[in-house]
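The values are calculated or read from the model by the stated rules, or taken from the named source; none is laboratory data. In this text the structure is predicted, and so the values were computed from the model without any measurement. Glycine gets a Cβ as well: all are built from the backbone with ideal geometry, and neighbour counts include every protein chain shown.
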C-alpha cells in the first residue's frame, strides 16, 4: 500500500507542490490577500505561469496589451523607448510587484516595454480570462476588480503627489531664477 | 568564358538560422504530408469533432450562465447535456409517430408513383396548363430532362444508404465529444497556450480570444437564422396546406446553412410533393412564392439583424467551398463547409491583424 502511495505521490508530487507554492504566493499578494481558499483556487485556474530568461522581452511598448503580470521570482525592468538611443529605465520590479495592469481594464497599447533583468518567473492574468470570470463568478470578479481599482487609485494618488511636488519644485526654481536676475 | 579558378572550393555556410529554416520547412512538409494522408480517412472522426466543437461553442454561454448561478463547470455541463438528451428523447417520442406517419404516406405515394408515371403526369400537366408548350419538341425536351433528374435523385438516395453506419457512430460520438469539449475546453486551451514560446504567448491569447468571440457569435447567429427560417417555412407550408410540412420545413431550416443552394434544397421537395398532392401547376407556384417571401424576409430582416456583416465570405469563394466540401465529405461537408471556412477566415483575419500589431510575428524581429 505504501509502495502505491509512493508511486502516486511521485506522479502528482511536482504538480501539487507547484500548485501549493503558487497558492501560497498568491495569498501573500495584496491583490488576492482578501480572497478565501476556494476563491484562490479559482484564481489559480485563471493564471498562466511563465519563465523568462535574462534580457528576454515580456512585452513591447506600443503593442496591444492583453493583461498584467506579477513577479513571482527574479526582477523585471520597465523601459521607455527600449532598444533605441533614447532608452530610459522607468522602474525595477521584484517579487510580489505587478505591472501591465492597465491592459486588464482598457483596450489600449502598452505604454512601456517590460524586460526580464534576470531569470524570472512571472504569473500572468489576462483580460479575456478575467472577463470570463466576471460572467462565471461575478462575486469573485467584483472582489478582484475592486482591489485592483483600489490599487490603481493608490498609484494615481502617489503620482498626483509626485506631480504636485514636481510643480512646487519648478515654481521654486522659477522664483529663484527671477530673484537671481 | 573564363574557367573557374582551380583551388576555389564552394563553401555552404550552414549557420544556425539556415538550419532552423531547413528544420521549419521539413516540419511543414511533414505536417502537410501527414494531413494529406489522414484527411481522406478522417471523415468518421473529423466530422463529429467539428460538429461537437460547433455545438460546444453554441452551448458555452448557457454553461457560463449556470456557472454564474453557482454551479460548478462539470455540474453545469452535465445538466445542459442531460436536458438536451431528455429534449431529444421527448421530441423523438412526441414527433416519431407524426414523422413516421408522414414518411409512411410519402412512401405510399411514391409506391403508387414510378418515375415513369411521374413523368407522364408532369407531361399532361404541362400540356394542359401551359399552352405555350403545346409544341411537342419543347415538352419532350423538358420531360427528358426532368426524367433524368428523377432517376438521378433516386440513384443518389440509394447511394446514401451506406452512409447510415457512420451517421449512427456520429450520433453516439457527438454528445460525448461535446460534453468533454464543454467541460475541459478551458483546460485544453490553457495547456495549448502553456506550450507556446514566450514571444508568441500573449499575442496568441489575444488571437484565440478574438477568434472565439467572432466565431461564437457567427455560429450562434447561423443557428438562430436557421431556426427562424425553419419556423417560417413550417408555418407557411402549414398555412398553404402542403403535405409533410413539418419535415420539409425542418429540412429547409437545416439546409439554409448552405448559402445559395440551401433554399433550393428546401423548396424543391415542397414543390414536388405539393404538385403530386394537388395535381396543379398553381400548387407549385404558391410554394415557390412562399419560399421567395421567406428568402426576402431572411435577406432583409433576419440575417442582417442576427448575423450583421461580420463574417461575409465572397460569393465566388462560397460556391467553390460548397463544391469542395460536398465532394470531400458529402452532405456533412455541405453543411459544415461554411462554418469551417468562417473559422479559417477569422483565423487568417486575426493572424494578419496580429502580424501588423505585434513584432513577435514579424520575420526578422
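Any idea which of B:199, B:186 is at pLDDT below 85, part of a helix (DSSP H, G or I), within 9 Å of chain A (Cβ to nearest Cβ) and buried (at least 16 other Cβ atoms within 10 Å of the Cβ)? After ruling out the rest, the residue left standing is B:199. Against the test of being within 14 Å of chain B (Cβ to nearest Cβ) and on the phi < 0 side of the Ramachandran plot, the options A:157, A:136 yield a single qualifying residue, A:136.
The lone criterion from (1) touching a residue at least 60 places away in the same chain (Cβ under 8 Å); (2) crowded, with 16+ Cβ neighbours inside 10 Å left unmet by residue A:77 is number (1). Those helices (runs of 4 or more DSSP H) of the stretch B:238-323 in which 3 or more residues are touching a residue at least 40 places away in the same chain (Cβ under 8 Å) and either under 29 Å from residue B:98 (Cβ atoms) or touching a helix residue (DSSP H, G or I) at 6+ places or on another chain (Cβ under 8 Å) (or both) occupy B:245-255, B:261-278, B:281-297.
Here's the yes/no breakdown for (1) at pLDDT 80 or above; (2) within 14 Å of another protein chain (Cβ to nearest Cβ); (3) over 28 Å from the mean Cα position of the chain (by Cα):
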{"site": "B:7", "(1), (2), (3)": "no, no, yes"}
{"site": "B:17", "(1), (2), (3)": "no, no, yes"}
{"site": "B:21", "(1), (2), (3)": "no, no, yes"}
{"site": "B:28", "(1), (2), (3)": "no, no, yes"}
{"site": "B:47", "(1), (2), (3)": "no, no, no"}
{"site": "B:60", "(1), (2), (3)": "yes, yes, no"}
{"site": "B:64", "(1), (2), (3)": "yes, yes, no"}
{"site": "B:67", "(1), (2), (3)": "yes, yes, yes"}
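Of the set (1) under 27 Å from residue A:137 (Cα atoms); (2) surrounded by fewer than 14 Cβ atoms within 10 Å (Cβ to Cβ), all apply to residue A:48 but (2). Restricting attention to the stretch B:307-330, and to residues there that are at pLDDT below 75 and crowded, with 17+ Cβ neighbours inside 10 Å, which single residue is farthest from the other protein chains (Cβ to nearest Cβ)? Checking each candidate, the answer is B:329. Can you find a residue in the stretch A:69-83 that is closer than 24 Å to residue B:189 by Cα, within 11 Å of chain B (Cβ to nearest Cβ) and out of contact with any helix residue (DSSP H, G or I) (no Cβ under 6 Å at 6 or more places or on another chain)? Within the stretch A:69-83, one or more residues are closer than 24 Å to residue B:189 by Cα, within 11 Å of chain B (Cβ to nearest Cβ) and out of contact with any helix residue (DSSP H, G or I) (no Cβ under 6 Å at 6 or more places or on another chain). Among the residues of the stretch B:324-364, those identified as farther than 19 Å from residue B:214 by Cα, in contact with a helix residue (DSSP H, G or I) (Cβ under 6 Å, 6 or more places away or on another chain) and part of a helix (DSSP H, G or I) are B:325, B:326, B:329, B:332, B:333, B:334, B:360, B:361. Within the stretch B:211-231, the set of residues being within 14 Å of chain A (Cβ to nearest Cβ) and surrounded by fewer than 18 Cβ atoms within 10 Å (Cβ to Cβ) comprises B:211, B:212, B:213, B:216. Residues that are at pLDDT 90 or above and either more than 17 Å from the chain's Cα centre (by Cα) or at positive phi (or both) are absent from the stretch A:7-24.
Within the bounds of the stretch A:27-36, is there any residue that is in a loop (DSSP other than H, G, I, E, B), facing another protein chain (nearest Cβ under 10 Å), modelled with pLDDT of 85 or more and touching a helix residue (DSSP H, G or I) at 6+ places or on another chain (Cβ under 7 Å)?
No, the stretch A:27-36 contains no residue that is in a loop (DSSP other than H, G, I, E, B), facing another protein chain (nearest Cβ under 10 Å), modelled with pLDDT of 85 or more and touching a helix residue (DSSP H, G or I) at 6+ places or on another chain (Cβ under 7 Å).
Residue A:57 - would you say it is facing chain B (nearest Cβ under 8 Å) and either crowded, with 20+ Cβ neighbours inside 10 Å or on the phi > 0 side of the Ramachandran plot (or both)?
Values: facing chain B (nearest Cβ under 8 Å): yes; either crowded, with 20+ Cβ neighbours inside 10 Å or on the phi > 0 side of the Ramachandran plot (or both): no.
So residue A:57 does not fit the description; no.
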